[in-house]
Amino acid sequence: MTDGRRGAVWHRASRPAPRTLANVRRHLFATPTGIAFWAGLVAVVAGLVVALTAPPASFGWFAYAPLSDYAFVAGTHSWQQVVGQLLVVAGAVVTAFAAGRLSVRRPR
């Protein structure tokens, strides 16, 4: 069996294996980049869950500086919303980096 090039012969044993779900799953978890990809996706989902289930801020406070007309108003976001947003951003960055590395990797 030849592939059209002179001298190139494909043997049955050297053919690439067909892509099955088990092979793809094994391939994505086989490298640290694949593990980082899935960890980033988990962080995105966890951040979304934390941010969307956070209770709304029900109180706030304000203060006036004694000699100015400026009023300081405290933030109205709960810590769960802030942590959730940070998790989403960090997970998205890790996932994008890992997806970029996985997309340019040479096939085995």
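The values are calculated or read from the model by the stated rules, or taken from the named source; none is laboratory data. Keep in mind that this is a model prediction, so the values were computed, not measured. Note: ideal-geometry Cβ built from the backbone for every residue, glycine included; neighbour counts use all protein chains shown.
Criterion applied to 34, 40 was being surrounded by 14 or more Cβ atoms within 10 Å (Cβ to Cβ), at negative phi, modelled with pLDDT of 95 or more and within 23 Å of the chain's Cα centre (by Cα), and the one residue passing it is 40. Could you tell me which of the residues 62, 29 is loosely packed, with under 10 Cβ neighbours inside 10 Å, of a type outside the set (Lys, Arg) and at pLDDT below 90? Testing whether each residue is loosely packed, with under 10 Cβ neighbours inside 10 Å, of a type outside the set (Lys, Arg) and at pLDDT below 90 leaves just 62. Candidates 24, 82, 49: the one that is modelled with pLDDT of 95 or more and in a helix (DSSP H, G or I) is 49. Selection within the range 85-108: residues that are at pLDDT below 95 and among the small types (Gly, Ala, Ser). The member of this set that is farthest from residue 53 (Cα to Cα) is 103.
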